[in-house]
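K.L.:
I am attaching a structure below and will ask some questions about it afterwards.
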Amino acid sequence: MRASTVALWVESGVAVAAERSAIEWTDATWNPVTGCSKVSPGCAHCYAETLSLRFGWSERPWKPAHALENVVLHPERLSQPLRWRRPRTVFVNSMSDLFHELVPLDFIAQVFEVMVEAEWHVFQVLTKRHERLAELADALPWPENVWVGVSIENRRWLERADYLRRVPAAVRFISAEPLLGPLEGLDLDGIDWLIAGGESGHRHRPVEAEWIRDLRDRCLDEGVAFFLKQWGGRTPKARGRLLDGVEWSQMPTSAVGAGVCS
């Protein structure tokens, strides 16, 4: 996944939000939390860590031992989506993970309060902390404009989908990016949307077409919207977005006609 690059807001040298995002499946990004720590192989070449270290937003690598200094709450940013009057899809915490263990429940609740109030937007919350997501789900409101997803990069983490199914969100989605292996056995029951993509960057781990095609075919068979974000390579656009001659940009049924990703 590559970072948002258009209309980037900066406060004290730190990326805040982008009213327009270069991420293909969203319109904007909002970062009430920045910084993270790595939990699984998909984190190895994290674009957010790379940007944070390059621009000095973080001083130390995103290892668990450095989490206390890297994970930062930004309460001053909570109201940002309320100032965006045009409806849009908003990727929440493109530079962090809202369900990181160092983000307290009361702050997560404040983020959700803003999402409830900003009902004209659609918010996309993506996490690798599947256990904490499921643990806290009952303590949070789940309006129709809040979508929630988990990242699944290989078969080791298929269980994240099981935890996702416990969450009473209107739209549940899976981000299979960077896809590092085939996802045989992935249960798509209760899943509304699947995003797939290969890794990009000079150390990218190549994705196999068979892995992507299998996910596409299973989504078609099971009525799950399928979105191919990128094949990846040296740069995100190196190999384009076509699969079998088609650019796959399907959105969940509830998004149709809602003006999302416009």
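The values are calculated or read from the model by the stated rules, or taken from the named source; none is laboratory data. The structure presented is a predicted model; accordingly, all values stated were derived computationally and were not measured. Methodologically, a virtual Cβ is constructed for each residue, glycine included, from the backbone with ideal geometry; neighbour enumeration extends over all protein chains shown. SASA here: full protein model, heavy atoms, side chains in, ligands and nucleic acids out. Shrake-Rupley method; radii C 1.70, N 1.55, O 1.52, S 1.80 Å.
K.L.:
Of (1) modelled with pLDDT under 95; (2) over 15 Å from VAL33 (Cα atoms); (3) not in a loop (DSSP other than H, G, I, E, B), GLU49 satisfies all except one. Which?
P.N.:
(2)
K.L.:
Can you tell me which residue within the range 73-130, out of those that are among the small types (Gly, Ala, Ser) and not in a helix (DSSP H, G or I), is surrounded by the fewest Cβ atoms within 10 Å (Cβ to Cβ)?
P.N.:
SER79
K.L.:
Residues in the range 210-224 that are open to solvent by 10 Å² or more (accessible area, probe 1.4 Å) and not in a loop (DSSP other than H, G, I, E, B): how many?
P.N.:
Qualifying residue count, the range 210-224: 10.
K.L.:
Quick one: is GLU159 charged (D, E, K, R) and either closer than 29 Å to PRO87 by Cα or surrounded by 19 or more Cβ atoms within 10 Å (Cβ to Cβ) (or both)?
P.N.:
In short, no.
Let's see how each residue does on (1) buried (at least 18 other Cβ atoms within 10 Å of the Cβ); (2) at pLDDT 95 or above:
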| site | (1), (2) |
| --- | --- |
| VAL167 | yes, yes |
| LEU186 | yes, yes |
| GLY190 | no, yes |
| ILE195 | yes, yes |
| SER254 | no, no |
| SER262 | no, no |
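K.L.:
Another question about this same structure. Being within 21 Å of ARG160 (Cβ to Cβ) and at pLDDT 95 or above narrows it down to one residue among GLU222, GLU199; which is it?
P.N.:
Only one candidate passes the filter, namely GLU222.
K.L.:
Could you count how many residues in the range 52-72 are part of a loop (DSSP other than H, G, I, E, B) and buried (at least 17 other Cβ atoms within 10 Å of the Cβ)?
P.N.:
Here the count works out to 4.
K.L.:
Condition first: over 24 Å from GLU76 (Cα atoms) and not in a loop (DSSP other than H, G, I, E, B). Now tell me which residues in the range 19-46 satisfy that.
P.N.:
Within the range 19-46, PRO41, GLY42, CYS43 meet the criteria.
K.L.:
Another question, if that's okay. Name every residue in the range 172-194 that is part of a strand (DSSP E or B) and either more than 11 Å from VAL224 (Cβ to Cβ) or of a type outside the set (A, V, I, L, M) (or both), in order of residue number.
P.N.:
ARG172, PHE173, SER175, ALA176, TRP193
K.L.:
While we're on this one: Out of the residues in the range 133-156 that are crowded, with 20+ Cβ neighbours inside 10 Å and in contact with a Ser or Thr (Cβ under 8 Å, 6 or more places away or on another chain), which is farthest from GLU119 (Cα to Cα)?
P.N.:
Step by step, filter the range 133-156, then rank; the result is GLU153.
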